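Below is one structure, written out as structure tokens; comments come after it.
The values are calculated or read from the model by the stated rules, or taken from the named source; none is laboratory data. Predicted model, so just to flag it, every value in this text is computed and none were measured. FYI the Cβ positions are ideal-geometry reconstructions off the backbone, even for glycines, and counts take in every protein chain you see.
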């Protein structure tokens, strides 16, 4: 019986996937969204990962339609973005974020 050589997994992105620069938040968008988000440093415990970075990753995944695991590393760990997205959806914060973003971004689904 022949053994297949172990190959590293390849990540092939569809051609319509936005670049990280295209998917990230502009300064104007960030200034609208920042007041809606919880404090970066909670009263107790460790500070959260940077909201702007994580939110950029969430938007990249939702705009591209790619899997969470395909999220570019510059947005941090995909697991962190996924957990934060699920938390924000469950608490209703995600809808408030969409409400303050421009119309083109408000079309991003839950």
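Numerical summary
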item: Subset of segment 37-60 that is in a helix (DSSP H, G or I) and touching a residue at least 24 places away in the same chain (Cβ under 8 Å) - its residue that is farthest from the chain's Cα centre (by Cα); result: 52
item: Selected residue (only one of 34, 13, 5 is at pLDDT below 85, surrounded by fewer than 18 Cβ atoms within 10 Å (Cβ to Cβ) and either in contact with a helix residue (DSSP H, G or I) (Cβ under 7 Å, 6 or more places away or on another chain) or assigned to a helix (DSSP H, G or I) (or both)); result: 13
item: Answer residue from segment 96-110, given it is in a loop (DSSP other than H, G, I, E, B) and surrounded by 12 or more Cβ atoms within 10 Å (Cβ to Cβ) and is modelled with the lowest pLDDT among those; result: 108
item: Qualifying residue in segment 61-68 (condition: under 9 Å from the mean Cα position of the chain (by Cα), within 18 Å of residue 25 (Cβ to Cβ) and at pLDDT 85 or above); result: yes
item: Selection count, segment 72-95, where residues are within 23 Å of residue 32 (Cβ to Cβ) and outside any helix (DSSP H, G or I); result: 2
